[in-house]
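Sharing a structure with you now.
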Amino acid sequence: MEQPDGRDCRLQKKENGMNNIVLIGMPASGKSTAGVILAKTIGYGFLDIDILIQEETGRTLQEIIDSDGIEGFIQIEEQTVLSVDVKKTVIATGGSVVYGERAMAYLQTIGSIVYLKSSCENIEKRLDNIMTRGVVMKPGRTIRDVYAERVPLYEKYAGVIVDADTDVIERKVEEIIRKLFGGGSPGVDRTGQR
């Protein structure tokens with residue numbers, strides 16, 4: 001199964017044996033919510049990088065941005081990603097992970113990258129807590145500015161692009177499964193038995 005640009009988008013077992021699914025996309029695109037449901041559906045573990053950052057630092061994302069600045073946050077995010085060592089796990093990244101080239105290169109070695117693509121209008125509607133959520137955004141910038149800056153990066157790193165504009169999470173999950181596994185889930189036969 002190929003993407004329009006010719007890339008094979010089925011889940012590939014990586015050379016190191018890690019076959020994770022890595023979700024990237026704008027804040028409020030549904031990475032964490034869809035990630036949990038996807039993990040349950042296919043029998044994988046689930047890891048939220050933003051939560052891992054908070055657990056490891058003892059601070060909220062917004063506290064890190066406020067005290068360490070955007071560059072400091074990106075460094076912490078990158079180091080956290082580089083420390084991840086999991087198999088058969090759905091990994092929900094923070095929206096800013098694409099600013100860390102080393103982090104993205106590492107994620108590409110441990111899993112298939114799925115970009116949950118939402119329109120800027122939908123992101124703006126869903127993001128009502130922008131000042132407290134911990135969104136990496138330089139002062140004076142708007143969501144539209146951040147969107148325009150990040151979309152080319154998401155597309156650059158994506159092995160699979162999934163339309164995330166639907167509010168029905170199960171549809172996002174079904175599309176991810178279809179694009180990665182050709183319709184079926186790993187370890188589940190057509191009757192739903194493992």
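The values are calculated or read from the model by the stated rules, or taken from the named source; none is laboratory data. This one's a predicted model, so the numbers in the text were calculated from it and none came from an experiment. These area figures cover heavy atoms from the full protein model, side chains too; ligands, DNA and RNA do not enter into them. Shrake-Rupley method; radii C 1.70, N 1.55, O 1.52, S 1.80 Å.
What accessible area per residue comes out for region 64-123, rounded to a whole number of Å², with a 1.4 Å probe?
The answer is 37 Å² per residue.
Which far-off residues, 5 or more places away or on another chain, put their amide H under 5 Å from the one on SER118, with H placed in the peptide plane?
For SER118, the qualifying residues are MET26, ALA164.
Let me ask another. Give me the extension gain from THR41 to LYS138: residue separation times 0.36 nm, minus the current Cα-Cα distance, reported in nm with one decimal.
Working it through step by step, the gained length comes to 31.2 nm.
Which whole-Hz ³J(HN,Hα) couplings does region 51-60 yield from phi under the Karplus relation 6.51 cos²θ - 1.76 cosθ + 1.60, θ = phi - 60°, glycine and proline marked x?
5, 4, 4, 5, 5, 6, 9, x, 9, 6
Something else about it: Return the long-range amide H neighbours of ASP48 (sequence gap of 5 or more, or a different chain), with a cut-off of under 5 Å between placed amide H atoms.
Amide H to amide H, under 5 Å and 5 or more residues apart or across chains, ASP48 pairs with ALA92.
Would you check the accessible area of ASP163, probe 1.4 Å, heavy atoms only, in square angstrom rounded to 10?
Its heavy atoms expose roughly 80 Å² to the probe.
Hey, any idea what % of region 74-178's accessible area is carbon plus sulfur with a 1.4 Å probe?
50 percent
Could you derive backbone 3J(HN,Hα) for region 78-86 from the dihedral phi with the Karplus parameters 6.51, -1.76 and 1.60 (θ = phi - 60°), listing whole Hz in sequence and x where the residue is Gly or Pro?
5, 4, 5, 4, 5, 8, 6, 9, 10
Pairs of lysines 8 or more apart, or on different chains, with alpha carbons under 19 Å: count those in region 107-177, would you?
Counting lysine pairs in region 107-177 gives 4.
In addition: Need the full-extension length gain, ILE169 to LEU82, defined as separation in residues times 0.36 nm minus the C-alpha distance. One decimal, nm.
28.5 nm
Determine ³J(HN,Hα), in whole Hz, for all residues of region 111-119 in sequence, where each value follows from phi through the Karplus function 6.51 cos²θ - 1.76 cosθ + 1.60 and θ = phi - 60°; x replaces Gly and Pro.
So the Karplus estimates, Gly and Pro as x, are x, 8, 8, 10, 8, 8, 8, 10, 6 Hz.
Also, quick follow-up: Solvent-accessible area of THR33, probe 1.4 Å, all protein chains present, reported in Å² to the nearest ten, please.
Counting only protein heavy atoms, the figure is 80 Å².
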